[in-house]
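Written out below as structure tokens is the structure these notes cover.
The values are calculated or read from the model by the stated rules, or taken from the named source; none is laboratory data. Quick caveat, the model's predicted, so the values are computed rather than measured. All Cβ positions, glycine included, derive from the backbone under ideal geometry; neighbour counts span all protein chains shown.
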Amino acid sequence: MSTLAESHDATDLPPFDHGRAERAIRELLYAVGEDPDREGLKDTPARVARAYAEMFAGLRMTPESVLTTTFDLGHDEMVLVKDIEVWSVCEHHLVPFTGSAHIGYIPNDEGQITGLSKLARLVDVFAKRPQVQERLTSQIADSMVEILKPRGVIVVIECEHLCMTMRGVRKPGAKTVTSAVRGQLRDSPTTRAEAMSLIIGG
Ligand SMILES: Nc1nc2c(ncn2[C@@H]2O[C@H](COP(=O)(O)OP(=O)(O)OP(=O)(O)O)[C@@H](O)[C@H]2O)c(=O)[nH]1
Ligand SMILES: [Zn+2]
């Protein structure tokens with residue numbers, strides 16, 4: 001499994017190689033029996049390359065670059081942002097998985113908290129990469145621990161994987177739920193139960 005440290009190498013990556021992606025898409029179109037030079041497809045390799053650059057933009061982003069703004073509000077109790085939309089790409093089939101992330105944390109003793117939108121941005125840093133849902137979940141939790149140094153973190157993600165819906169086992173509606181719990185939220189069943197009831201409840 002890749003570690004948080006690996007994700008920190010993101011800024012060392014060369015820029016997205018549009019030419020290479022376009023050549024690969026042309027090849028793929030030949031492989032499926034299509035003619036990439038026919039009218040309807042002639043711009044497709046370039047379009048797909050641009051789409052992939054966007055879908056995998058998180059490879060070139062770091063959690064430090066988004067978890068920047070912190071406020072010293074002195075609030076030392078749980079902060080929870082629910083229902084953050086997730087769009088990621090399954091690294092096994094390169095098709096989307098989509099759903100919601102719920103992120104809660106208990107700030108450290110100084111009550112140092114981050115901007116709410118930064119948590120949603122953090123989801124995209126790790127979602128916009130070839131992913132598996134388990135790693136997406138733990139990378140979000142571990143980067144919060146490392147950067148915000150909170151007393152506890154809980155990340156719950158629920159997604160539907162198109163590789164299980166549009167192909168293969170074909171089970172639309174099946175949802176995968178993953179969680180990563182760190183610090184006080186892991187150690188204290190009462191605090192964890194409170195977080196879970198906030199996530200599950202209205
Ligand atoms: N644990 C985990 N598995 C995933 C995720 N996304 C896709 N998968 C699974 O990855 C597995 C890949 O299985 P393989 O047998 O190698 O591939 P496959 O023949 O295409 O498998 P099927 O999807 O069952 O047709 C499948 O069971 C997928 O459901 C994920 O985020 N986490
Ligand atoms: Zn898949």
### Task
Could you list, in sequence order, all residues of region 30-49 that are under 25 Å from TRP87 (Cα atoms) and surrounded by 14 or more Cβ atoms within 10 Å (Cβ to Cβ)?
THR44, PRO45, ALA46, VAL48, ALA49
### Message
Every residue in region 139-186 that is surrounded by fewer than 15 Cβ atoms within 10 Å (Cβ to Cβ), free of Cβ contacts under 8 Å to residues at least 40 places away in the same chain and among the charged types (D, E, K, R), please.
### Response
ARG170, LYS171
### Task
Among the candidates ASP83, ASP72, single out the residue that is within 20 Å of VAL156 (Cβ to Cβ) and either of a type in the set (S, T, N, Q) or over 12 Å from the mean Cα position of the chain (by Cα) (or both).
ASP83
### Residue tally, condition part of a loop (DSSP other than H, G, I, E, B) and within 14 Å of ligand 1 (Cβ to nearest atom), over region 152-202
9
### Query
Is it the case that region 82-104 has a residue that's assigned by TED's automatic domain parsing to the domain that holds MET164, touching a Gly at 6+ places or on another chain (Cβ under 6 Å) and within 18 Å of PRO150 (Cα to Cα)?
no
### Task
Scan region 62-110 for residues that are among the hydrophobic types (A, V, I, L, M, F, W, C), in contact with a Leu (Cβ under 9 Å, 6 or more places away or on another chain) and within 16 Å of ligand 1 (Cβ to nearest atom) and report the count.
5
#### Entry: Residue tally, condition under 19 Å from GLY19 (Cβ atoms) and under 33 Å from the mean Cα position of the chain (by Cα), over region 32-47
8
